[in-house]
Amino acid sequence: MPAPLAGYEALLAAKDVDAVYIPLPTGLRKEWVVRAAEAGKHVVCEKPCAVNAADLAEMISACKKNRVQFLDGVMFMHNPRLARIREILDDGQSIGPVRHLASTFSFMGSGNFSRDNIRVDGRLEPAGCLGDLGWYCIRFMLWTMKWQSPREATGRILRQSEAVSGRPPAPTEFMADLIFDGGVSMHFYCSFVAAFRQWVNIGGENGWLHLPDFVHPFDSYEPSFVVNRNEIRIPDASGGKCPPGADPMVQGHPLAQDTRLFRHFANQVFTGKLNDDWPMWALKTQQVLDACFDSARNHAAVKIAER
């Protein structure tokens, strides 16, 4: 059992620590990602990765300069069903050219959530539900569009936390519309004040694809999705299925997407080479998030330059 360490500085100085997971509040992440990189530690960073894209670019630059891997903690990117969804999106028949995407990720904060949870504290989490939940909606959209950025974003803060004791407010209910070149559109909604939902729908000229559980699979052993009313299940390539009596939603088992995230991260580190796609995914997501937030605060559509 590793010996406990007295503080973050001791952790970064430890010779037997190769990588760190940074789940600190967003407002604190930049400093510790940069310090971890300078200490030669590979980084898994929670989302939203930074307060803005400029900060994230600095964080990624520090990791690249120090030859350490950067990865954001979006677990569904490591779920094998994405590869199957990509096959269907690209077959040219099942869905056809994509025309519209829609997504919702929400949960109802309980108890004193609206007063005490750091996710409604504008000092620590300035983007509120947009950063905590909207990040996933934006990420899935960008993945679907093969990392093409939208050209325009229109966001709206529907509700925000109360400014108390000098604490600035943060969005608690947010919606946005995004437009791509070629006329493809996307709408998403995220909220801390609505019942739990986590779905994505992709509409094309020939058909549609629906994931009712795109962030946290209802079955982490055999995740599924629906194409034109037909359910498609993704059993693990090894044939592994949910053992009798096990909870199919439990994470952390060998086939679960959270386990795969850290396995993929470790395997990449062991290669001695950097995966440049992972930081790009995070930065594009942050850029779109920033545009949605800027639009909401300025009450105007925001143009997004392709990068």
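Brief remarks follow.
- Extreme residue, surrounded by the most Cβ atoms within 10 Å (Cβ to Cβ), among residues of region 162-174 that are modelled with pLDDT under 95 and among the small types (Gly, Ala, Ser): Ala163
- Single residue of region 249-267 satisfying the filter (charged (D, E, K, R) and touching a Pro at 6+ places or on another chain (Cβ under 9 Å)) that is farthest from Pro235 (Cα to Cα): Arg263
- Within region 60-70, the residues that satisfy the criterion of being over 17 Å from the mean Cα position of the chain (by Cα) and open to solvent by less than 40 Å² (accessible area, probe 1.4 Å) are Ala62, Cys63, Val68, Gln69.
- Members of region 114-136 found to be under 15 Å from the mean Cα position of the chain (by Cα), touching a residue at least 60 places away in the same chain (Cβ under 8 Å) and part of a helix (DSSP H, G or I), listed by number: Gly128, Cys129, Leu130, Gly131, Asp132, Gly134, Trp135, Tyr136
- Complete set of residues in region 19-57 that are small (Gly, Ala, Ser), open to solvent by 30 Å² or more (accessible area, probe 1.4 Å) and either more than 22 Å from Lys273 (Cβ to Cβ) or in a helix (DSSP H, G or I) (or both): Gly27, Ala54, Ala57
- Unmet criterion (only one of (1) part of a helix (DSSP H, G or I); (2) among the small types (Gly, Ala, Ser); (3) within 17 Å of Asn66 (Cβ to Cβ)) for Ala10: (3)
A quick yes/no check of all residues on (1) charged (D, E, K, R); (2) at pLDDT 95 or above; (3) within 21 Å of the chain's Cα centre (by Cα):
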position: Asp16; (1), (2), (3): yes, no, no
position: Val34; (1), (2), (3): no, yes, yes
position: Lys41; (1), (2), (3): yes, yes, no
position: Cys49; (1), (2), (3): no, yes, yes
position: Asp72; (1), (2), (3): yes, yes, yes
position: Met75; (1), (2), (3): no, yes, yes
position: Arg86; (1), (2), (3): yes, yes, yes
position: Asp91; (1), (2), (3): yes, yes, no
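- Candidates Lys284, Lys241 - the one that is assigned to a loop (DSSP other than H, G, I, E, B) and farther than 18 Å from Gln198 by Cα: Lys241
- Selection from region 177-197 of residues that are under 21 Å from Ile95 (Cα atoms), in a strand (DSSP E or B) and open to solvent by less than 50 Å² (accessible area, probe 1.4 Å): Leu178, Ser185, Met186, Phe188
- Residue identified as closer than 21 Å to Val302 by Cβ and aromatic (Phe, Trp, Tyr) among Phe192, Phe188, Phe196: Phe188
- When residues in region 244-281 are screened for being surrounded by 13 or more Cβ atoms within 10 Å (Cβ to Cβ) and assigned to a helix (DSSP H, G or I), 15 of them pass.
- Screening the candidates Pro217, Pro212 for the property of being in contact with a strand residue (DSSP E or B) (Cβ under 7 Å, 6 or more places away or on another chain) and farther than 14 Å from Leu101 by Cβ yields one hit, Pro212.
- Only listed residue being crowded, with 17+ Cβ neighbours inside 10 Å and more than 20 Å from Cys129 (Cα to Cα), chosen from Glu205, Glu231, Glu222: Glu222
- Residue satisfying all of: in region 205-231; touching a Leu at 6+ places or on another chain (Cβ under 8 Å) and not polar (S, T, N, Q); nearest to Gln257 (Cα to Cα) among these: Tyr221
- Single unsatisfied condition, Tyr8 versus (1) more than 30 Å from Ser185 (Cα to Cα); (2) open to solvent by 50 Å² or more (accessible area, probe 1.4 Å); (3) without any contact (Cβ under 8 Å) to a residue 24 or more places away in the chain: (3)
The values are calculated or read from the model by the stated rules, or taken from the named source; none is laboratory data. A quick note: this is a predicted structure, and the numbers were derived from the prediction, not measured. In this analysis, Cβ positions are derived from the backbone assuming ideal geometry, glycine residues included, and neighbour counts consider all displayed protein chains. Ligands, DNA and RNA are excluded from the accessible area calculation, which covers all protein heavy atoms including side chains. Shrake-Rupley method; radii C 1.70, N 1.55, O 1.52, S 1.80 Å.
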